[in-house]
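Reading through the structure tokens given below for one structure.
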Amino acid sequence: METNWEKLRPTLFEAIGTTIYLVGVTFVVAGLVGLVLGTALYTTRKGGLLANGPVYFVLNVIVNVVRPIPFIILLAALGPVTLEVVGTTIGSEAALFVMIVAASFGIARIVEQNLVTVDPGVIESARAVGAGPLRIILTLLIPEALGPLILGYTFVVISIVDISAMAGTVGGGGLGDFAIVYGYQQFQWQVTLVAVLIIVAGVQGVQFFGNWLARKVLRR
């Protein structure tokens with residue numbers, strides 16, 4: 001069957017816009033939440049700037065429990081919470097809420113793992129001259145780990161694009177939903193191919209920019 005691109009083009013553009021919206025908002029919100037959570041994990045661990053065993057234990061357990069849950073299952077599991085927060089369990093906003101939850105905990109672990117690579121001697125030197133925890137975190141810890149953090153966040157963007165493809169299961173739209181509904185289910189493989197090529201091109205662009213930005217930061 002020949003694909004009617006004249007009819008599909010507006011839907012395709014809408015799907016691209018929905019994917020950009022879902023990925024962009026998730027990246028910004030989950031990026032900030034994950035940065036705070038990851039920094040809290042790093043600083044409250046044993047020997048950390050704000051060492052606190054119970055707080056670290058609780059945070060660590062929550063991240064370990066939520067992070068491995070497949071996104072499609074998390075969508076269903078968080079249904080009651082999504083309904084309470086967003087007011088609905090279907091549509092882009094419902095999908096966006098669950099995407100933010102899923103990405104936040106994934107980013108938290110990536111942030112923690114990158115902060116661990118910072119030389120402890122540098123932090124001890126700052127503490128020795130009287131710098132407080134907040135100052136060390138903002139002016140030393142995060143800047144020292146910035147290059148690896150950028151690479152980690154680049155990886156996260158690609159993962160968010162991946163989970164955005166499942167937003168269609170709750171009526172969230174996007175390129176994944178477009179590929180399934182107008183490509184796979186209607187046996188129009190050209191439509192699926194176009195959606196895949198757009199996603200691959202977008203991911204390559206993000207990866208290139210992330211690598212370039214990380215190299216610039218690491219060469220400072």
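The values are calculated or read from the model by the stated rules, or taken from the named source; none is laboratory data. Keep in mind it's a predicted model, so treat the numbers as computed, not measured. Because the Cβ atoms are built from the backbone with ideal geometry, glycine has one as well, and the counts that use them run over all protein chains shown. Keep in mind that these areas ignore ligands, DNA and RNA; they rest on the heavy atoms of the full protein, side chains included. Shrake-Rupley method; radii C 1.70, N 1.55, O 1.52, S 1.80 Å.
Figures for the structure shown
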{"quantity": "Any hit, segment 150-163, residues being farther than 29 Å from Thr82 by Cβ, open to solvent by less than 10 Å² (accessible area, probe 1.4 Å) and modelled with pLDDT of 90 or more", "calculated": "no"}
{"quantity": "Of all residues making up segment 80-92, the number that are in contact (Cβ under 8 Å) with a residue 60 or more places away in the chain and either farther than 12 Å from Thr169 by Cβ or in a helix (DSSP H, G or I) (or both)", "calculated": "1"}
{"quantity": "Selection status of Glu93, within 22 Å of the chain's Cα centre (by Cα), among the acidic types (Asp, Glu) and open to solvent by 30 Å² or more (accessible area, probe 1.4 Å)", "calculated": "yes"}
{"quantity": "Unique match (being open to solvent by 40 Å² or more (accessible area, probe 1.4 Å) and within 30 Å of Ile123 (Cβ to Cβ)) among Pro70, Pro10, Pro54, Pro80", "calculated": "Pro54"}
{"quantity": "Long-range neighbours under 6 Å by Cβ, at least six apart or interchain, first residue outside any helix (DSSP H, G or I) within segment 134-156, second surrounded by fewer than 19 Cβ atoms within 10 Å (Cβ to Cβ)", "calculated": "Ala145/Val118"}
{"quantity": "Selection from segment 57-66 of residues that are surrounded by 16 or more Cβ atoms within 10 Å (Cβ to Cβ) and either among the aliphatic types (A, V, I, L, M) or in contact with a Lys or Arg (Cβ under 6 Å, 6 or more places away or on another chain) (or both)", "calculated": "Leu59, Val63, Val66"}
{"quantity": "Criterion violated by Thr39 - all others in (1) without any contact (Cβ under 8 Å) to a residue 40 or more places away in the chain; (2) surrounded by 15 or more Cβ atoms within 10 Å (Cβ to Cβ); (3) of a type in the set (S, T, N, Q) satisfied", "calculated": "(1)"}
{"quantity": "Scan of segment 175-198 for residues that are touching a residue at least 60 places away in the same chain (Cβ under 8 Å), assigned to a helix (DSSP H, G or I) and either open to solvent by 50 Å² or more (accessible area, probe 1.4 Å) or farther than 16 Å from Thr11 by Cβ (or both), ordered by number", "calculated": "Tyr182, Gln190, Ile198"}
{"quantity": "Qualifying residues in segment 24-36 (those that are open to solvent by 20 Å² or more (accessible area, probe 1.4 Å) and among the β-branched types (Val, Ile, Thr)) - the one farthest from the chain's Cα centre (by Cα)", "calculated": "Val36"}
{"quantity": "Qualifying residue in segment 118-129 (condition: open to solvent by 10 Å² or more (accessible area, probe 1.4 Å) and at pLDDT 90 or above)", "calculated": "no"}
{"quantity": "Flag for Val101 being of a type in the set (Val, Ile, Thr) and out of contact with any helix residue (DSSP H, G or I) (no Cβ under 6 Å at 6 or more places or on another chain)", "calculated": "yes"}
{"quantity": "Qualifying residue in segment 204-220 (condition: under 21 Å from Pro70 (Cα atoms), open to solvent by less than 60 Å² (accessible area, probe 1.4 Å) and within 21 Å of the chain's Cα centre (by Cα))", "calculated": "no"}
{"quantity": "Evaluation of Ser104 against (1) modelled with pLDDT under 95; (2) within 20 Å of Thr26 (Cα to Cα) (one fails), failing number", "calculated": "(1)"}
{"quantity": "The listed residue being open to solvent by less than 30 Å² (accessible area, probe 1.4 Å), touching a Leu at 6+ places or on another chain (Cβ under 8 Å) and within 22 Å of Thr19 (Cβ to Cβ), out of Val111, Val98", "calculated": "Val98"}
